[in-house]
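See structure below.
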Amino acid sequence: MTGIIPSHLRDAEVAHRGVTELVVVDSMHERKRVMAERADAFAILPGGIGTLDEMFEIVSWKQLRLHDKPILLVDIGGYWAPLRALLDHIIDTGLPVRRPEDCCRWFRASPH
């Protein structure tokens, strides 16, 4: 397993010590770029603002056809249900966006 982390977070001792490879980059922007280049697919686990930032960027890149990698939203215990409702609302307003299902595979993971 590979971890990609900006040096300021590594220096704050946030780095996961169990990874096989730890790639240290200069910024969050570079982190996202390197993750996108090295990934075969994207699995979005429950997380916070940073996770949403990364998710929306990778979904936007897919809609712009900058990549064609699978995107999985791992909806453990309904964590992402409010986000899915928001995306449905955005689509229902008639804005020219593709349905999230066109670019993501939504599924519920077992809470076990």
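Listed values, structure above:
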quantity	calculated
Calculated from backbone phi, Karplus (6.51, -1.76, 1.60) coupling profile of region 68-79 in Hz, x at Gly/Pro	10, 8, x, 10, 10, 9, 8, 8, 6, x, x, 3
Probe 1.4 Å, accessible area per residue of region 11-94, Å²	64 Å²
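The values are calculated or read from the model by the stated rules, or taken from the named source; none is laboratory data. Quick caveat: nothing in here was measured; it's all calculated off a predicted structure. Ligands, DNA and RNA are excluded from the accessible area calculation, which covers all protein heavy atoms including side chains. Shrake-Rupley method; radii C 1.70, N 1.55, O 1.52, S 1.80 Å.
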